[in-house]
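Let me begin by presenting the structure, written as C-alpha cells, before commenting on it.
Readers should treat all values here as calculations from the given coordinates under stated rules, not as data from a laboratory. All values derive from a computational prediction rather than experimental measurement. Glycine gets a Cβ as well: all are built from the backbone with ideal geometry, and neighbour counts include every protein chain shown.
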Amino acid sequence: MLRGLYTAAAGMVSQQRKHDTITNNIANLNTPGFKQSRAVSRSFPEMLIALMEGKPGMEVVNRGRLNTGVLAEEALTVNVQGEIRETNNPFDFAIVSDIQVDGLRFEGGKTITADGQRVFQPQAFFTVANEAGEERYTRNGKFSVNEQGELMTAEGFRVLGENRQPIVLIDPATQIPITNITVNRFGQILDSVNGQAIADAAGNPIRMLISRVDNPVRMIPEGSGLYRLEQEDAGTVVPVAAADNVEVKQGFVESSNVDPAQAMVDIMSAARMYEANQKVVQAYDKSMEKAVNEIGRV
C-alpha cells in the first residue's frame, strides 16, 4: 500500500532539486561567462514482480517489472557559447570557442556517435589561481589590474600566463602598472602605445593561458564562475593549440547562456509536477488516516 507513497515522495524530492537548479540559473542571468546547469533524473532500479506458491516444486511466474521512483542524479553544466557583448573596456575579455573533433559534428555542445556514445565538445577557459595557488578555470573575463600590476578577476583571483605564473603588468622603467594594453586573438598582451609585446621578469612575452578541456562535463563548479577538475582529470587539460578554433576578444564579455523564457517554462513545469506528487502523498495520508481511525475501531 505504501509503495506509491514512497514513489510520490521520491518524485517530490527530484522536482525540488530540479527547481533549485533552475532557480540558480535564473539568479545568474546577468553573470558574465555563467554556464547553466541542467538537472538529470533517472529511475530507481526496477523490481521484478513474481507470483509464487508456498508449496515445494511450484513454478515461479514472472509478472513483470515495477519502477519504484525517480531521483535527481546530478546537475550537468551546459557548455554552450553565450552571447558576446561589447563593453569597450580594455580589461574585459571573451573567449569565442568552437573546437572541432575529427569526424564529429556537435550540436548544443554534444553529439552522439554511431555506436551510441555521447561525446561532449571540448571547451576553452581562462586559467586562474585561487587563494591556495591551485589552478581553476573560468569563462568570466571581467579582469582588472591591481596596485602590484597583477591581472585579476573580479573576485580577486590572479590570471595565469603561459608559464603558469600570475600575469604581472609592470613598466620596468617606472615600476608603475601598465594600463594601456592590447590583447590579440591569441591572448598575447601588447603595449597599446608602441605595439610591442609586454614581457615578464624573465624577458618572455606575456600571453594568457587559455586551457582546453576535452571533457567539460567532468568539471566541478566552485562558485564565483570557477571550475575545477579532479586529480585524475587534471592531466587531460592542455593549452589551446593554433589549430583550435579559439579566439580571445578584447573589450567584450561573454554573457550567461541561460535562456530566460525556457528557464521560466522549466521552473513552472517543476512546480506543477511537485504539486502533483504532493497530492498523491496527501491522498495516501488520508487513506491511512481512515485505516487507523475508522477501520481500526470496527
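222 nm [θ] for the chain, helices only, -39500 (n - 2.57) per DSSP H run of 4+, per residue, to 500? Can you show the working numbers first?
Working: 3 runs with 63 residues, N = 298.
When only DSSP H runs of four or more count, the value is -7500 deg cm²/dmol.
Where does each of 272-283, 179-190 land if you order them by average Cβ count within 10 Å, highest first?
Descending packing order for the listed peptides: 179-190, 272-283.
If the reach is capped at under 25 angstrom between alpha carbons, list the lysines near residue 110, excluding any in the same chain fewer than eight residues apart.
Those lysines meeting the cut-off are 18, 35, 249.
Given a Förster distance of 45 Å, report the FRET efficiency between residue 179 and residue 114 from their Cβ-Cβ distance, rounded to the nearest 0.05.
Rounded to the nearest 0.05, the efficiency is 0.30.
So for the chain, taking the charge dipole from beta-carbon charges (+1 Lys/Arg, -1 Asp/Glu), which of 103, 125, 287 sits furthest toward the positive end?
Selected residue: 287.
May I ask you to derive the relative contact order of the chain, considering only C-alpha pairs under 8 Å and at least 6 residues apart, and to give it as an integer percent? Please list the in-between numbers first.
On the way: 585 pairs, mean separation 76.4, N = 298.
Dividing the mean separation by the residue count of the chain yields 26 percent.
Can you give the angle from 0 to 90° between the axis of helix 260-293 and the longest principal axis of the chain, with both taken from C-alpha atoms, to the nearest 10?
Result, in degrees: 30.
What size of dipole, in debye to the nearest 20, comes out for the chain about its Cα centre when the only charges are +1 on Lys and Arg C-beta atoms and -1 on Asp and Glu C-beta atoms?
Using only the charged Cβ atoms, the result is roughly 1240 debye.
With +1 on each Lys and Arg Cβ and -1 on each Asp and Glu Cβ, and nothing else charged, work out how big the dipole of the range 84-254 is about its Cα centre, in Debye to the nearest 20.
300 debye
Compare the Cα positions of 71, 273, 220 along the charge dipole of the chain (+1 at Cβ of Lys, Arg; -1 at Cβ of Asp, Glu; about the Cα centre) and return the one farthest towards the positive end.
273
For the chain, what D do you get in µm² per second when you plug the Kirkwood radius from alpha-carbon pairs into Stokes-Einstein at 37 °C and 0.692 mPa s?
143 µm²/s
Residue 201 to residue 23: extension gain in nm, 0.36 nm per residue of separation minus the Cα-Cα distance? Write down the numbers at each step before the final one.
Details: separation 178, 0.36 × 178 = 64.08 nm, distance 4.57 nm.
Gain on extension, residue 201 to residue 23, equals 59.5 nm.
For 178, 220, 84, which order do you get if you count the other beta carbons within 10 Å of each Cβ and list the fewest first?
220, 84, 178
Between 0 and 90 degrees, rounded to the nearest ten: what's the tilt of helix 3-27 against the longest Cα principal axis of the chain?
Between helix and principal axis, roughly 20 degrees.
Treating cross-link reach as a plain straight distance, find the aspartates and glutamates whose alpha-carbon is under 19 Å from the alpha-carbon of residue 279, omitting any fewer than eight places away in the same chain.
289
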